[in-house]
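S.K.: Starting off with a structure, shown below.
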Amino acid sequence: MFFVPGEMVGLWFDFIPSEKPYFYGDGYPILPTLKGHEYVDYNKELYPLIRPKYAERGLHGSVNVATFVREYANFGYPGLILSSLFLAVFLYFLEKLFADSLTILISMNLIYLLLLSSSNLFTILFSGGWLVLISLYFIFKSTLLKSVQSK
């Protein structure tokens, strides 16, 4: 769970921009459409470079990467810095929202935090159910806290 995502991060940094150029926004599904460009998915584009033996055998795959690396692939180091700041603000918000119970914070968010090492924050929030879980916690916060504190 930790070694392969870490390896992929390093390999993306090795291949971008030396082998593949920065996207400048074309690595997001919506932005290139608005700009009149074609969407390019580096998860699939980098697979033959990262796993050449499999690609030579005709296998097609993808190489997922940590949330901040996608922004690096799009905007270089400024994207890396901005995504890190955005993630820091999001984690600060999460800490404040769950400040009343460390137990609830860890039990409800740990798996999603670990997933950040191999997926995009927005994918985890919207497709992985993290935003739904956070919203439900916010709605039922007082009831949940009473239940946890009574035990």
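S.K.: Can you name every residue in the stretch 104-151 that is surrounded by 12 or more Cβ atoms within 10 Å (Cβ to Cβ), assigned to a helix (DSSP H, G or I) and not hydrophobic (A, V, I, L, M, F, W, C)?
M.R.: SER107, ASN109, TYR112, THR123, TYR137, LYS141
S.K.: Identify, please: which residue in the stretch 92-101 is modelled with pLDDT of 90 or more and not acidic (Asp, Glu) and is, among those, farthest from the chain's Cα centre (by Cα)?
M.R.: The extreme case among them is ALA99.
Quick grid of which residues meet (1) polar (S, T, N, Q); (2) exposed (fewer than 13 other Cβ atoms within 10 Å of the Cβ):
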residue: MET8; (1), (2): no, no
residue: PHE23; (1), (2): no, no
residue: ILE30; (1), (2): no, yes
residue: THR33; (1), (2): yes, yes
residue: GLU45; (1), (2): no, no
residue: LEU49; (1), (2): no, no
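S.K.: Shifting gears a bit: Looking at LEU80, LEU85, which is the one that is hydrophobic (A, V, I, L, M, F, W, C), within 21 Å of TYR24 (Cα to Cα) and loosely packed, with under 13 Cβ neighbours inside 10 Å?
M.R.: One residue alone meets the criteria, LEU85.
The values are calculated or read from the model by the stated rules, or taken from the named source; none is laboratory data. A quick note: this is a predicted structure, and the numbers were derived from the prediction, not measured. Every residue, glycine as well, gets a Cβ built from its backbone with ideal geometry; the counts of neighbours run over all protein chains shown.
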